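Visitor: Encoded as structure tokens, here's the structure I'll be asking about.
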Amino acid sequence: MLGIKIICVGRLKEKFYADAAEEYLKRLRPYCKAEIEELAEAKRSANCSPADTEAALLREAEAIIAKIPKGARVFSMCVEGESMDSVAFSRLITSPDGGASKICFIIGGSDGLHESVKKLADKRISVSPMTFPHHLFRVMLLEQLYRAFKIAEGGTYHK
């Protein structure tokens, strides 16, 4: 069974986001072994300089890289990534790719991802040029993963 790990910078605090994420994790169980790893956002001051932000992103990158499963295909979720529709996303997730049995998605915190994380990814993916809260985006990614599996099986969920 395909293993999917989602590494997220920041913790879900709002119950409605946590409930929605849990619902999609439950829906994903027949299709894959999905897990979420939450990492703490690096501390920043209220008026931090660009250099301080870069240093915080680097600390987050080190924590992210340490959690990426060996042999996994890695997808960095970032605005400058490739946009695709749900059908193309389904093909990307569900088609065999060199026998990889693990996929890892990376969602950055409020300042995004350090360039080093983006560079190590097999693919950069953008859902939209719009900005979304990273907590909401986690739920959106889980929904799209569920949709991807429903598309692949020819289910009625995707219309």
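The values are calculated or read from the model by the stated rules, or taken from the named source; none is laboratory data. Just so it is clear, the structure is predicted and the values come from calculations on it, not from any experiment. Note that we place each Cβ from the backbone using ideal geometry, even for glycine, and neighbour counts take in every protein chain shown.
Visitor: Somewhere in segment 120-143, is a residue more than 26 Å from F16 (Cβ to Cβ) and in a helix (DSSP H, G or I)?
Guide: The first filter runs over segment 120-143 and keeps only residues more than 26 Å from F16 (Cβ to Cβ), leaving 120-124.
Among the residues that remain, those that are also in a helix (DSSP H, G or I) are: 120.
Yes; the residues of segment 120-143 include at least one that is more than 26 Å from F16 (Cβ to Cβ) and in a helix (DSSP H, G or I).
Visitor: Applying the selection to segment 19-65, what residues are at pLDDT below 95, farther than 26 Å from K119 by Cα and not hydroxyl-bearing (S, T, Y)?
Guide: Correct list: A46, N47.
Visitor: Same structure, new question: What's the number of the only condition in (1) modelled with pLDDT of 90 or more; (2) closer than 17 Å to C32 by Cα that D97 fails to meet?
Guide: Condition not satisfied by D97: (1).
Visitor: Can you name the residue in segment 6-27 that is surrounded by fewer than 19 Cβ atoms within 10 Å (Cβ to Cβ) and touching a strand residue (DSSP E or B) at 6+ places or on another chain (Cβ under 7 Å) and is also farthest from R59 (Cα to Cα) among such residues?
Guide: We begin by selecting, within segment 6-27, every residue surrounded by fewer than 19 Cβ atoms within 10 Å (Cβ to Cβ); these are 10-11, 13-19, 22-23, 25-27.
Filter again for touching a strand residue (DSSP E or B) at 6+ places or on another chain (Cβ under 7 Å), leaving 10-11, 25.
On the way: G10: 13, R11: 16, L25: 28 Å.
Per the criteria, the residue is L25.
The rows are residues; the columns are (1) surrounded by fewer than 17 Cβ atoms within 10 Å (Cβ to Cβ); (2) of a type in the set (F, W, Y); (3) touching a Ser or Thr at 6+ places or on another chain (Cβ under 7 Å).
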site	(1), (2), (3)
S116	yes, no, no
P133	yes, no, no
L141	no, no, no
Y157	yes, yes, no
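Visitor: Quick one: in segment 33-77, of everything that is in contact with a Gly (Cβ under 9 Å, 6 or more places away or on another chain) and of a type in the set (K, R), which residue is surrounded by the most Cβ atoms within 10 Å (Cβ to Cβ)?
Guide: R73
Visitor: For segment 109-143, which positions are over 15 Å from S76 (Cβ atoms) and either in contact with a strand residue (DSSP E or B) (Cβ under 6 Å, 6 or more places away or on another chain) or of a type in the set (A, V, I, L, M, F, W, C) (or both)?
Guide: If the condition is that a residue be over 15 Å from S76 (Cβ atoms) and either in contact with a strand residue (DSSP E or B) (Cβ under 6 Å, 6 or more places away or on another chain) or of a type in the set (A, V, I, L, M, F, W, C) (or both), then M130, F132, L136, V139, M140, L142 are the ones that fit.
Visitor: Test L57 against the stated conditions and say whether it is among the aliphatic types (A, V, I, L, M) and more than 15 Å from the chain's Cα centre (by Cα). Break it down stepwise before answering.
Guide: Values: among the aliphatic types (A, V, I, L, M): yes; more than 15 Å from the chain's Cα centre (by Cα): yes.
Yes; evaluated as a whole, the condition is true for this residue.
Visitor: Which one is modelled with the lowest pLDDT among residues in segment 113-159 that are over 18 Å from S95 (Cβ atoms), among the aromatic types (F, W, Y) and within 14 Å of the chain's Cα centre (by Cα)?
Guide: Among residues in segment 113-159 that are over 18 Å from S95 (Cβ atoms), among the aromatic types (F, W, Y) and within 14 Å of the chain's Cα centre (by Cα), the one modelled with the lowest pLDDT is F132.
Visitor: Being in contact with a Gly (Cβ under 7 Å, 6 or more places away or on another chain) and basic (K, R) is the filter here, so list the residues in segment 124-159 that pass it.
Guide: Hit for segment 124-159 is R124, nothing else.
Visitor: Going through F149, F89, F75, F105 one at a time, which residue ends up being in a strand (DSSP E or B), out of contact with any Asp or Glu (no Cβ under 9 Å at 6 or more places or on another chain) and under 23 Å from E23 (Cα atoms)?
Guide: Values: F149 fails: in a strand (DSSP E or B); F89 fails: in a strand (DSSP E or B); F75 fails: out of contact with any Asp or Glu (no Cβ under 9 Å at 6 or more places or on another chain).
So the residue among F149, F89, F75, F105 that is in a strand (DSSP E or B), out of contact with any Asp or Glu (no Cβ under 9 Å at 6 or more places or on another chain) and under 23 Å from E23 (Cα atoms) is F105.
Visitor: Looking at (1) over 21 Å from Y146 (Cα atoms); (2) over 15 Å from the mean Cα position of the chain (by Cα); (3) loosely packed, with under 13 Cβ neighbours inside 10 Å, which one does E80 not meet, given that it meets all the others?
Guide: E80 satisfies every listed condition except (2).
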